[in-house]
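In what follows, a single structure is set out as structure tokens and then discussed.
The values are calculated or read from the model by the stated rules, or taken from the named source; none is laboratory data. Just so you know, these numbers come straight off a predicted model, no measurement behind them. FYI the Cβ positions are ideal-geometry reconstructions off the backbone, even for glycines, and counts take in every protein chain you see.
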Amino acid sequence: MVSLVTGLLSSTLWYTLYCILGILAYAVIVLIIKPYLVYRRFKRFPNVYTSPSFRPLIGDVLDAIRDMKSDRAHYHNRRVIADDLQNYDMRLRYEGTEPVLLMVSSEAIEEFIKLTPMKIDRYNSNKGLSKLAGNTLSMIRSKKEYVGRRKLLMNELSLNSSSKYTPIMIDHTLSLIDEFQDGKQINLTPKFAELTHRIFTTILFGKVCDDLVNDKIPYEHPDGRIEYLHIRDALLNLSKAYYMHLLHPLTNMFRFVSDYKLLNPFKRDHKNLTNYEDAMRKIFYKAKGPDSICGRILSNTDFSENDKFFDIMMLIFGGTETSSHGILSSLYFLKKHPETHTKLVKELQDNGVTKEFILSQKDSESGRKFLDIIQDCDYLNCCIKEVLRIDSPTVEVFHYSALDDITIRDVQIPKGTIMRTEIHSVHYMEKYWKDPSVFKPERHNPDSDFFNQSKTEGKPYNHFIKGSFGHGTRTCPGQTFAMIELKVILAVLLTFMDYEIDEESITQEGVGFAIGSACILAPKIMLK
């Protein structure tokens with residue numbers, strides 16, 4: 001009997017040991033060996049930039065962590081490395097243990113776009129902001145369903161459709177300005193998030209849902225504290241929380257912990273996201289009728305209500321987060337370069353954009369007159385384009401995957417390789433941009449001396465080096481609406497107020513306001 005028990009214990013111990021060794025071997029293969037083999041594969045191509053040494057486990061995420069510890073925007077390293085990337089077509093970047101091949105030259109980006117979606121198509125990495133995107137059209141493959149769902153949204157966000165929302169944009173911006181106290185320093189980061197959320201929810205759901213939009217929902221903070229937040233504040237916190245998942249060691253080294261939400265912050269953030277989605281579904285189903293975008297989308301019977309719900313969620317996130325960060329960047333860089341601020345304010349005045357005119361337009365039925373005027377403000381348009389270049393609200397686009405073995409710029413890329421186009425580094429490359437670190441709106445005006453000097457120096461305007469809204473068939477469906485919203489809000493703000501930013505913030509290295517950034521903008525407000 002004793003020998004039997006001893007034998008069973010011995011077998012159990014050996015079985016446990018084998019299991020542990022098997023898990024360790026699997027971890028070594030997945031976390032180190034497979035990423036290293038990819039590193040070695042692409043390192044042999046002279047036009048693919050790879051890190052000087054292989055960095056296992058944490059990968060290039062370490063650069064973002066260093067930036068944040070130095071009070072810089074987490075993507076400042078993308079600006080710094082731009083010089084090193086100028087002679088390359090691609091960059092192999094490691095997001096933890098996951099290798100991602102970035103297109104960094106205009107030629108590579110152009111070839112990439114030509115292969116989309118037949119040979120390259122959307123890939124859902126199911127981590128970070130991709131989890132917020134859920135089953136939206138941003139994440140699905142470019143098939144018939146994608147085309148139909150995209151067309152449904154595009155019909156509501158076209159130039160003609162967007163113009164009628166101008167009075168709503170004006171009204172909400174004026175309401176925000178009314179909250180400001182003259183001569184007081186104000187943190188504009190949450191204020192602009194609130195503003196763009198108000199604008200977009202009013203347009204999407206109509207005023208009938210104002211009570212639900214202003215509801216509060218339970219939100220658990222990292223310290224375990226439960227706070228009841230407005231829906232808009234919950235969304236702001238969620239976007240930051242899910243972006244930080246990308247930098248979390250467990251996301252990068254032990255994906256199953258993140259995927260199955262076994263531990264915090266993943267478990268906690270999923271609970272918060274569920275509370276947010278439940279609140280949004282109440283609004284979604286109340287907003288029936290032809291007077292709102294949501295109501296018109298709901299009336300479409302070609303797609304499931306769940307698909308339509310997630311596409312509306314995508315619009316809210318994309319329409320509020322990117323716009324609010326774009327406004328922050330605009331105000332910051334206009335004051336960092338005061339001559340541009342002065343020139344823009346003068347253009348608005350010369351075109352009749354006065355306080356009296358704006359007040360007359362907030363109750364206009366169409367808003368077309370105001371929109372026509374600001375659309376004719378060339379310098380305003382150039383300023384917005386330059387903001388999107390120098391501090392794009394989105395640092396990177398969602399992932400793609402090679403559907404077959406493909407070749408781009410003579411680089412053989414195996415099926416299944418995760419890919420995407422690079423945004424921020426390309427916006428800072430001297431081979432494409434004259435004085436790329438300088439905020440210069442004139443670079444977008446074909447009639448300006450600066451534009452012509454750039455052209456003479458062999459840096460012609462190139463569609464493929466502008467990546468804020470994506471490229472090809474997967475460009476942002478709300479691009480037109482976003483540009484109008486940025487112009488309207490900025491025009492109203494500059495007409496009704498001036499502001500001062502402290503010298504330390506103006507001169508600080510690495511300031512940026514893209515999604516996920518911890519930088520804040522808290523100027524002194526002077527009402528006009």
Go through region 365-378 and count every residue that is in contact with a Ser or Thr (Cβ under 8 Å, 6 or more places away or on another chain), surrounded by 15 or more Cβ atoms within 10 Å (Cβ to Cβ) and assigned to a loop (DSSP other than H, G, I, E, B). 1
Please determine, by comparing only the residues of region 221-238 that are surrounded by 13 or more Cβ atoms within 10 Å (Cβ to Cβ) and closer than 18 Å to Gly128 by Cα, which one is modelled with the lowest pLDDT. Leu236
Can you tell me which condition Trp433 does not meet? The list is (1) in a helix (DSSP H, G or I); (2) under 23 Å from the mean Cα position of the chain (by Cα), and all the others hold. (1)
Where residues in region 143-176 are within 30 Å of Glu98 (Cβ to Cβ) and surrounded by fewer than 19 Cβ atoms within 10 Å (Cβ to Cβ), which of them is farthest from the chain's Cα centre (by Cα)? Lys144
Looking only at region 393-412, which residues are of a type in the set (S, T, N, Q), under 27 Å from Leu246 (Cα atoms) and either modelled with pLDDT of 95 or more or assigned to a helix (DSSP H, G or I) (or both)? Ser401
Checked pairs for region 413-426, first assigned to a loop (DSSP other than H, G, I, E, B), second of a type in the set (Phe, Trp, Tyr), C-beta under 7 Å and 6 or more apart or across chains, list as His424/Tyr75
Residue under question is Lys288, and the condition is that it be surrounded by 14 or more Cβ atoms within 10 Å (Cβ to Cβ), at negative phi and part of a loop (DSSP other than H, G, I, E, B); does it hold? yes
In region 301-316, residues that are assigned to a loop (DSSP other than H, G, I, E, B) and surrounded by 14 or more Cβ atoms within 10 Å (Cβ to Cβ) total 1
Gln181: passes all of (1) without any contact (Cβ under 8 Å) to a residue 12 or more places away in the chain; (2) in a loop (DSSP other than H, G, I, E, B) but (1)
Name the residue, out of Lys151, Lys131, that is at pLDDT below 95, of a type in the set (D, E, K, R), closer than 30 Å to Ile65 by Cα and not in a loop (DSSP other than H, G, I, E, B). Lys131
Filter region 343-361 for residues that are among the hydrophobic types (A, V, I, L, M, F, W, C) and part of a helix (DSSP H, G or I) and give the result. Leu344, Val345, Leu348, Phe357, Ile358, Leu359
Hey, any hits in region 466-484 for a residue that's among the aromatic types (Phe, Trp, Tyr) and outside any helix (DSSP H, G or I)? yes
Any chance you could count how many residues in region 208-225 are basic (Lys, Arg) and under 30 Å from Gly295 (Cα atoms)? 1
With respect to Arg268, determine if the residue is crowded, with 17+ Cβ neighbours inside 10 Å, of a type in the set (D, E, K, R), under 16 Å from Leu132 (Cα atoms) and touching a Ser or Thr at 6+ places or on another chain (Cβ under 9 Å). no
